[in-house]
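What follows is a single structure, written as structure tokens, with notes after it.
The values are calculated or read from the model by the stated rules, or taken from the named source; none is laboratory data. Only a predicted model underlies this, so the values are computations on that prediction, with no experimental measurement involved. As a convention, Cβ positions derive from the backbone with ideal geometry for all residues, glycine included, and neighbour counts pool all protein chains shown.
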Amino acid sequence: MLAIWLTGSLARGEEDPWSSVDLCLLIGDRGDFPAPSQALEAALRKGLGEDAFVVAAPDQGAGAGRLVGAMLEDSAALPGKSGLTFQLFWAEAAQAERLRARHGPVRLLYTADALPASLHAYLSQDFPPLLPAEAEAAEAALIEFWEALLRLPGALNRRDHLAAGSLLAQARNHLVDAIVAVNGGRRPPASPRANRYLGPSQQEALARTLVCPAPTSETWIGQAVALVVIYRWYAPQLQERFPQLKDLTRMETITLALLTATIDDWPAHITTETE
């Protein structure tokens, strides 16, 4: 073992009772350790006992892997706690960049004497707390927002409420990414958190689009319209930050016209404060 460190909220000092423990292992010569995921899974199952589960995630590619697990309350290994979720990432030394997030701190727990100085410096260096915004990712978020809404008529006209809810969740997620880009950042891949990347008013506006008194077409239309209003507020700001973004005005116009033509009760005109 060359190095062990924590990442995520425990490394940032922002942990709370619901934080996952994200532990990273950097291994050297695999020698008697030819299948790290299987070996780690077996060792954790043995050590944690019956009050926990551990499972190796799908293939992460050559030289790296990930395990996920959880421990139940009153576990012998976790007395007095209500429970714990965790992820364990491992990689060979040549794959160190796949483990060391390009944002935020890490908390080094162990380094071996055999750890090369260059790798120690790489693991110890400071990275910004948030990934910088990128024009390409911001543009993708805007396009995918409208793509999700384009598929909404099919879901509503089939009365497929699960699909409608899923599409609006996708649209909302893309809109969050666009707003974070307006703020100058980019969410880490697969981050389960949103609030820490948004301001209070942004959180409040997006939370209002979650209102769902009943899974009906009226509910989904209301959510979609609220998302369009928020989009219209932030898309111009994103265009100002990244002038090279594609002009999506025509995509917006045609999409809204299609929604009006194909969804009963879709408003013919959506008024925003900027109009």
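If you scan region 18-48, which residues turn out to be surrounded by 12 or more Cβ atoms within 10 Å (Cβ to Cβ), more than 27 Å from Leu123 (Cα to Cα) and either modelled with pLDDT of 85 or more or of a type outside the set (A, V, I, L, M) (or both)?
Passing the criteria: Ala42, Arg45.
Restricting the search to region 224-262, which residues are small (Gly, Ala, Ser) and surrounded by fewer than 13 Cβ atoms within 10 Å (Cβ to Cβ)?
If the condition is that a residue be small (Gly, Ala, Ser) and surrounded by fewer than 13 Cβ atoms within 10 Å (Cβ to Cβ), then Ala257, Ala261 are the ones that fit.
Does any residue in region 240-268 that is over 30 Å from Glu136 (Cβ atoms) come within less than 7 Å, Cβ to Cβ, of a residue that is of a type in the set (A, V, I, L, M, F, W, C) and surrounded by fewer than 10 Cβ atoms within 10 Å (Cβ to Cβ) six or more places away or on a different chain, and which pairs are these?
From region 240-268, the pairs are Thr260/Ala268.
Among the residues of region 244-275, count how many are outside any helix (DSSP H, G or I) and either among the charged types (D, E, K, R) or under 19 Å from Glu144 (Cα atoms) (or both).
9
Does region 263-270 contain any residue that is within 19 Å of Pro153 (Cβ to Cβ) and of a type in the set (Phe, Trp, Tyr)?
yes
Any idea how many residues of region 108-150 are exposed (fewer than 15 other Cβ atoms within 10 Å of the Cβ) and either touching a Cys at 6+ places or on another chain (Cβ under 9 Å) or part of a loop (DSSP other than H, G, I, E, B) (or both)?
Residues in region 108-150 being exposed (fewer than 15 other Cβ atoms within 10 Å of the Cβ) and either touching a Cys at 6+ places or on another chain (Cβ under 9 Å) or part of a loop (DSSP other than H, G, I, E, B) (or both): 10 in total.
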